[in-house]
Structure formats: C-alpha cells, structure tokens
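Okay, structure first, notes after.
The values are calculated or read from the model by the stated rules, or taken from the named source; none is laboratory data. Predicted model, so just to flag it, every value in this text is computed and none were measured. Every residue, glycine among them, receives a Cβ derived from its backbone with ideal geometry; neighbour counts consider all protein chains shown.
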Amino acid sequence: MAKKRSGGKRFRPTIRLTVVTIFVLATVLTAALAVGLQYYFSRSMATSTAISRFDGLAASTGEFLNGVDQQAIQATRLLASYPGLISGRGNNDQVRDLFAEFMNANGMFYAIYIGFDDNSFFELINLNSGRAVRQRLRALPQDRWVLVTVVDQIKTTAYYDRDFTLRTQHRVPSDYYATSRPWYVQAEEGVVNKTAPYLFQILQEPGQTYSIRLKGGGAVIAVDIALSSLSHYLSSQRVHGEGDIYLYRKNGEVVASDLAAQRRRKLPPAEPLTLSEQEQAAIAAAGTLKVSNETDWPPIDFAVSGQPNGYSIDYLTLISQQTGLQFEYANGFTWLELLERFRNGEIDLLQSTFLTPETQELGLFTAPFLTLPYSLVTRPGEARVTHIRQMNGKTLAIPRGWSIIKVIRQNFPLITVIEVDSTRAVLQAVKQGQADAGLDIGEILHHTAQQYFFTALQYHDAIQFDPVDFPQQLHVVVSPRHAELVPIFNRAIAAVTDKQKAALAAKWFDDALQDTLGIVPYPELLQLADAPELQRRLNRRVIDGEDCFVYVTPFDQQPDWQEFLAIVMPVNAVLKPALEKVTWSVLFTAGLLLILLPTPWIFASPIVAPINALAHESEKIRLRHYDQLRIPDSHIKEVHDLGVSMNIMAASIREHEANQKALMDAFIQLIAQAIDEKSPYTGGHCRRVPELAFMLVKEAENSTLPPFKSFAFSSEEQWREFRVGAWLHDCGKITTPEHIVDKGSKLELIYNRIHEIRTRFEVLWRDAEIAYWQQRSLMPDEQNRLQRELTEKQRQLLDDFAFVASMNVGGEFLDEDKKQRLLQLADVTWTRHFSDRLGLSPLEEGRLGSEEAALPCTEFLLADKPEHRIRRDQQVEYDAHLGIRMEIPEDRANRGEVYNLLVERGTLTAEDRFKINEHIISTIRMLYALPFPKELSNVPRYASTHHETMAGNGYPRRLKGEELSVPERVMVLADIFEALTAADRPYKKAKPLSVAIAILHSMVEENHIDRDVFNLFLLSGVYLDYAQRFLPEEQIDAVDIRQYVQNDEA
C-alpha cells in the first residue's frame, strides 16, 4: 500500500500524461529506428487486441448462455416454492401475474406452465420471446400474452394485452395429455430436469423445458425456452457477419446455431387429388393427426434439435399437399415409447414401419412408400458377406426394439444378436470390437457413418436372407380409429410421381449437404469436446483448408447431458480490420517520426518496471502464496490503482477458496450423514470413525515414540486430505442393498422366511391329526394308543420347529450334532397341492425349471432348490489399476433354506458377505472417478484401506503392513474400535470398553491391527478420551492397559 504524505494529497499523473511525456522525450532520439519498431509492435498489439476482443466475445457468449440456463433453473426452483400454485389448479390471476413477472424479467422464456395429474393444464405464453411465436399463434401486434388452459379435455386459448385486458378467446376439445409429455414424465421433486430438444405441441417449434415436480407429486411446474430464441441470439454475435456459432451435444448433435436454416433441395410440389365427398368428409373429421417422429434414425425419420426431418417427413408433406390432411408430430420419445403411445391412442399414425408378424397387429398398414435393402458393416479386411447365414457363430449388433431381431433369432439361431441403442451405437460396437458386424438399412448405415465421422469400416450391401422373407418396405400404420383414411393414403402414395421420388432420393440419399444436417460439420469440434485442457481458450486450426480460430467452452454439464458452445471464425476475419488500421497508422506515424526522431524505448521504464513487478506478484497469486504478496508502489495513478485492485482480488480469491473448501467439506459430511441414516444398522459410524482417527493422528504427530518420530503432516492441505478421506471411508455403502445390511436372521430376505417354515410345520401338524382320525376310524379300539402317538408326534414337531427357529438366529456355534439334526429335518416331506408357479413375477418365472411337477407333489420341509441360487448376469471384473484382489462367489445370491441355516457365524452367507464387502469397491470406484486436485490425490487411498490387515489378508487389495502408511493403519483401528463400542446398532450389544480393548489386542496378536498404533492408542489415552465423548457411562469400565503394553514391549 502507498504511504500517505504528511503535507497533503500525493499527486499521481495519469498514464495518458506519462505516456505522452515519455513519447515526446523519446521521439527526439529514435526517429529512424522507431518506424520499423512501431510497425512491428503495433501489428502485434493490434493482433493481440483483435484476438482478445474475439476471445472476450466468445467468453461473453458462453457466459450469457450459461446465464440463461441458470436463470431457467433458478426460476423453476423459485416458482416451485410458491405456495399458491396448486390452488385452483393454477388457474388464478395471482399465478398468471407471477408467471408474467418472471417472463418480463427473462425475455428468453417462451412459456411458463403447470400440469396436474388429472391432465389439467395452465400455461402463459410470452409473445415477445420470438418472432416465430407471434406468427405461429396468429397474435395481433397489440397482444402481449396468450393464456392456455386445459380442463376436462377442453382447451381455452385467450389473448391478452400487456395489462391483461382480454381481446378474444376460443374453446376447443383437446387431446393434450400433460402427464404423457416428456417434461412431466421426467420431472422429479427437488431437482430441476432439463429435457432434450423436442417439439412443443402448441408452438410446433423445437425447444427445451426445465421442470420440477411439486411436493406431493401431483403437479409439475415448467419453463420453456424456444431454440429459435437461442439461434437468434447466436446470430447476433457473429463477427463482421462471418464464422459459425454452434451449441451442440458431446456426440455432435446441434442444439442451436447462428445459421437460420440449412440449405435444402426443394421438392417438386404435389398436385391435389380429386377427392370424393366421402373422402373430404373423412379428412375433415380426422382433424389434425398426430404422427410419430423418431429422434435418431437419419436420413429416414429423425429430429434436429427437436425439429422433424427426414425422407418420411417430406413424403408425408407431399401426402398433405395431395389430400389436405394435417399432421402434427410428436417426438422426444424412444421407439418403444412411441409404440406404447400409439397403442394407447395418443398417436394416430406410426410412420416408417416394417410389416412383420409382430407389427401387423399394431393397426392398419398403408401401401409401402419406400424400399430399403439391408446392409452389414464390419471392420476392414473381412471377407465379402452376401448372405446373413455367413454370420453363424459370430456376434451381430442391431438397434434395440427392431421387429427383425426376433426373426433372426428364430431362423438363424447360431448368430448371437446384441441389441444396442441406435444405428450410431451399431457402428461404435463394430468399431470397438464389441460386435463382429452390424445390421441396418444400408442408406442409414452410410448416412450415420458420414454424419459422425466414422471411417475405416467395410460395408456389405444387399444382404440376402432367403428362404426367410425379410421385410424391406416401409409403411405408415394408421390407427383403427381412422380406418377410412387408409384408402386415401394409398391413393396419395400411388400418385407420388417418379420426379418427386427422384428428388426425395437426391435430397436425402445423394445430397452431401444433408449429411451435416443437425450435426456439427467439423470433426475438430468433437475432438475439442473431448479435450478439457483445450477448452475455454482460443485454438488455431485449419478447417476445410482455411486458417480459423476455434473457441469451445462447456455449457450445461450434467451426467447424461453435456453441451458445448463453439465459435469458428476465419483468422483473416478477426485480424484484417485491426491490421488495416495498424498499416495506415504506421504510415502516418512514420512521417512524423522522420522529423521527431523519437526514442521511446529508453524512456518506457517508468511504465514497464512497475508492470513487470505486478506481473511477478501475480505469479504468487497463481501459486496461492497470498501471505507473500507485496504490491509495488508507483507514481502512476493507473498502475497504483491496478496494484490496489490486485491486492483486493487476492483477498477475494483467498476468501472464495476458503468458502469452496468449507462447502466441499459440508457436502462430504452430508454424504456421511446420509449413509449413517440409511440404515439403523450403521448408526453414527461414518461420523464417529473420523473423529477417532483425527484424535489418534494428532497424537501420532506429537508422539516421541520411535515409530512416529518421523511422522507428521507437513501442511494443512495434508491434514485436509486425511480428513476428507476419513469422512468418505464408507461412501460406497450407499450402494449396498438394505435387506442385506439389515439381515437380522439367517432366513431373512425382505421378510423373515421362518414364517414359511412354521407354516410347513403347521401342515405336518394337521397331517398328523388327519392321520390320527383316519386310523381311529379304522381301529376304534386303538384310540388310546393312537392318541399317545399323535401327542408325541405333535410334541416332536413343536420341538423340531423350536430347534429350526433357534438355528435361524445368528451368532450361535453350530456343532456337528446340530448340523446333522437339521439335515435330517430337511428330509421330512409334506404334500403340496397348489402350483408354485402362480402369481410370480417374470423374473421369478425365469428362475424356475421348464417342467412343472405334477400335483399333488412331495416337498421337503427344508430345501435348497435350484431357483434359490441366483446366478450373476455377467462376470465380475475389476480394472487392474485399482489393485482389487477379492474372492468372488460363484453366485450373486443363494437363498437356499438349508444353506442359510447352516451358516456357521452370524446370519450372512458368503454371497451376502461379499455384497457387503463390495461397499469398499464402490468406494474405490466412486472416488477414483472423481477429479481430485493434486493436494487431495491420496483421498481415495485413505478412504479405501481400512479393511486391510498387517498380515496382508484383508480386502479389497490384500495389502501388507509395510504397504500401509500411518494414517491408513490408524483408519483400520478406528473403524474396528468404533464398531465394537457402538451402542446404536439394533442387531448387537455394545462391548464394554475393557472388552473392546481386549479384542483389539487379540487382533494385534493375529497381525490384523498395527501394534505401534495400538500402543499409541492406549498410552496416549485416546481410547479413554473417545469413550468419554461418545460412550454412555455404563459402558466405560476400568481398563488395565499395562497388561497389553507390557506384553507388547516384552
């Protein structure tokens, strides 16, 4: 900081005055040399300035779009907290005015609305959100708002001015079901969901929706942003009218861009058909038909940022021109979801469908409108494939949901079919070696490969399937409700001319312009999306032979939705205006310098020196050495103010850094608390273990014992690293099933199966009584003997059941006699008269054998049935770099009754124990996947080694004692001691302090726990400090530590 003069305010000239003064003095000495120097440095400065301006434009564009995204998220959350939304099903002036106030403050919002579980709907549309909105809704210039309500499937549309004075309104029947829309289905409580681009039904323009489910689950509040508004903004950001701006997903799909529309090949117009009065009446009665639109089947049927596109879309446009039929598209759903909506009557036409035995029952099929042969794609070098039979013994990838999958599996069983999500996924599976080949329509394979820059693939066209007749023609499926339209469709399809078909083929199969429709046209943008280190900075690339600046910044990063903003600008467009000014400026200055002969270089030090000093100090800020920051003094006001600002900035960064650390620590402790509260069987484990570990590590740092003399954390960062690891040591338990964590008896699953066993004993009891009465009727003279036998039999049943029930309780030791008795009881039989296959879920049915036993059949009292063994769906493998070495049971679960009752110790089988132990593997996977900074790089290690042992027989890595650091050995002891003394576990009693210490010592003797850490634990008194803080008084008893420490020292 500058010192104050005692004589008054210190004068500091402006930088302008300083530069002018220096320039005048310097020009006298350096006239000749200055011309060349000025041109060189002025050119560099102009170039740097132009690049900086472009950099600033790119950054501000990204910040603006992020701001719009955050505004939408915040607005959705704020609206969800408004208590009056549900009142009156949202249809009140207060809610309307609230929506209007939000949209006045956020001009990009197209609409705000609320939908209810009875399909009631209340929406306010902002007519000022875009020119297309006003045109589409046919609003007048004085209209400001459109209010749309749907109640009892009656839609009311009202037009208001800015003061909400009603101009007009109209009511029509509505088939709009809010509960089936993507924004309603995907909404969750407490989390704002952002949809993929889809077609707004009222606007019939693409956009994205931010939605959240209100408390109670019956209503969803949503905010819409039309993609046309984003595209309009991006267009306004172009530099000198040149370059491209894209908002795109990581896979290359364009969400919005500055290009108003792609150049399209125009189709010859269709001539209207001559329709009969009956046909005209059928068309009029049909109204607007809802048509399916897939999102990812280019070039036949797909969507670009929610806008329907493709061969079939243009074909239906021709049919509309011929017949007057009106179509409205529904997208944003998978093919299986579109099928479900068609079956439910929410969609009238299902287009681009093959006619197969599986699909023919969907509805009424029109005549085919396109024939598409199949092709195979393989890696290069494969032998030519002409018949599908050549794929026998190989793996074939096919898009999920195709009806041909079942046909191939039935007729070509030697081919292994794997289902993938899309045609792009087919190409990826082949490229990555997951499949030997991929099957799809040939045009679609070629188109998708070119769109997504797939190279080095081999295509096998015109694949034969004989003698099987494979469908290769596409149809439109018409709902039976509109059966009268099928002949009209067939007439229109027959009337499409060869010229129109050729134009459609040229546009969608031959036109290279369509290959980039909806996809970023440059592979460099996909490469930069996968390179975080090259983002948020200018990159210079040669694109299509032209030198360009490329700026890519992440935007709206979510686990299943990643978007990026890219600006591509020719270098010449950025630099040319600035360089032209430099050239003229240098020529003009050169004439003056010939006279003045300036020498500015020597006299530049008053500016250069303090600037260089500030640059040196800024390096300390980068290294976060805030305490070493020393701002130099300067006579120049601007430089002085810059130094003051740097000081303030450093303090602000330091405070922000501390706040971020506090926030992260709070999140970590919140995760630990959530794991503790997940099940009463974990109690406060995740809270107490770190506290004990901290106490013990502090003692280790201060200890003079030889094993700990060289141990100490060298900085607060290392302490924080250990704290974070300790708090996260059981974060993987969030994945452990609760019914295994809470398993309190051997036969317990979701319920205790001892009740099933008891019921079987009841059956045996009844059987004994029935046998008694049957024999008594045959031998009335033997009544007394028979009664004694019945009584003895029932007594034995009671005793046997009591024995089985006692075996169900974990913790007891099973000697050989008990095991033999249990196995003898398991051989007792009873008769079952009812089928064991009724009322089962599909999953349970799949586990049963193919043949059902004839009824009545004999069952064993206790059984290990094949369906009790649940096999693994796939082989369990762990990445080698994780170092996991655990024995994996053959089965995922074994629910056998005898198998479970014969568990030697506790209630858990080997499969159950592995599932619980897997929590540490989840911890490793979760933490190693996180991008921890360098100072927190040991967090995954600290959090995942507390189940290792000094002997090297722990899990998951089987590390030996010499491979474990002091903090890791401390975590082992802390985890065990807390578990022994915890008094909040419902399945066990807490151990007294003395018993817990004795158990720890036995584990030291077994080389499970580190002896040095155990000695420190006792000698430092940490065991007693912890007990006094966390254990009840009755649990704290006297402990003679000398017997353990002396024995150890001996």
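List of remarks:
- One residue stands out among those in region 854-872 that are part of a loop (DSSP other than H, G, I, E, B) and of a type in the set (Lys, Arg): the one that is surrounded by the most Cβ atoms within 10 Å (Cβ to Cβ), which is Lys865.
- When region 621-637 is filtered for residues that are assigned to a helix (DSSP H, G or I) and modelled with pLDDT of 75 or more, only Lys637 remains.
- Boolean, Phe722 is modelled with pLDDT of 75 or more, assigned to a helix (DSSP H, G or I) and under 46 Å from the mean Cα position of the chain (by Cα): yes
- When Glu948, Glu935, Glu962 are screened for being of a type in the set (Asp, Glu), within 29 Å of Ser714 (Cα to Cα) and crowded, with 22+ Cβ neighbours inside 10 Å, only Glu948 passes.
Condition check ((1) modelled with pLDDT under 90; (2) among the polar types (S, T, N, Q); (3) surrounded by 12 or more Cβ atoms within 10 Å (Cβ to Cβ); (4) under 30 Å from Asn309 (Cα atoms)) across all residues:
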residue	(1), (2), (3), (4)
Asp152	yes, no, no, no
Thr157	no, yes, yes, yes
Asp161	no, no, yes, no
Asp175	yes, no, yes, yes
Ala178	yes, no, yes, yes
Thr195	yes, yes, yes, yes
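- Count of region 292-312 residues which are modelled with pLDDT of 80 or more and buried (at least 22 other Cβ atoms within 10 Å of the Cβ): 10
- Note on region 323-349: residues that are crowded, with 20+ Cβ neighbours inside 10 Å and within 24 Å of Gln278 (Cα to Cα) amount to 5.
- Region 136-165 residues that are more than 22 Å from Pro206 (Cβ to Cβ), paired with ones that are of a type in the set (Asp, Glu) and part of a strand (DSSP E or B) (beta carbon under 8 Å, 6 or more apart): Leu147/Glu123; Thr149/Glu123
- Matching residues, region 435-471, being surrounded by 15 or more Cβ atoms within 10 Å (Cβ to Cβ) and part of a loop (DSSP other than H, G, I, E, B): Ala435, Asp436, Tyr452, Phe454, Leu457, Ile463, Phe465, Phe470, Pro471
- Taken over region 327-355, the criterion of being polar (S, T, N, Q) and either in contact with a helix residue (DSSP H, G or I) (Cβ under 7 Å, 6 or more places away or on another chain) or on the phi > 0 side of the Ramachandran plot (or both) is satisfied by Gln351, Ser352.
- Total residues in region 416-434 satisfying the condition of being more than 19 Å from Trp402 (Cα to Cα) and assigned to a loop (DSSP other than H, G, I, E, B): the figure is 3.
- No other residue among Val552, Val542, Val586 is outside the structural domain of Gln208 (by TED's automatic domain parsing), surrounded by 12 or more Cβ atoms within 10 Å (Cβ to Cβ) and at pLDDT 75 or above apart from Val552.
- Matching option when the condition is under 30 Å from Asn119 (Cβ atoms) and touching a Leu at 6+ places or on another chain (Cβ under 6 Å), among Ser375, Ser352, Ser320: Ser352
- Within region 665-707, the set of residues being of a type in the set (Ser, Thr, Tyr) and modelled with pLDDT of 70 or more comprises Ser703, Thr704.
- Odd one out for His475, checked against (1) surrounded by 15 or more Cβ atoms within 10 Å (Cβ to Cβ); (2) touching a helix residue (DSSP H, G or I) at 6+ places or on another chain (Cβ under 9 Å): (2)
- Selection count where residues are in contact with a helix residue (DSSP H, G or I) (Cβ under 7 Å, 6 or more places away or on another chain), free of Cβ contacts under 8 Å to residues at least 60 places away in the same chain and either outside the structural domain of Phe200 (by TED's automatic domain parsing) or not in a loop (DSSP other than H, G, I, E, B) (or both), scope region 103-130: 5
- Residue match in region 823-835 (condition: among the acidic types (Asp, Glu) and modelled with pLDDT of 85 or more): yes
- Screening region 795-853 for residues that are in contact with a strand residue (DSSP E or B) (Cβ under 9 Å, 6 or more places away or on another chain) and assigned to a loop (DSSP other than H, G, I, E, B) and picking the one that is surrounded by the fewest Cβ atoms within 10 Å (Cβ to Cβ) gives His833.
- Restricting attention to region 1009-1039, the residues that are in a loop (DSSP other than H, G, I, E, B) and without any contact (Cβ under 8 Å) to a residue 24 or more places away in the chain add up to 1.
- Candidates in region 292-340 are the residues that are touching a residue at least 60 places away in the same chain (Cβ under 8 Å) and of a type in the set (D, E, K, R); of these, the one that is nearest to Ala425 (Cα to Cα) is Asp296.
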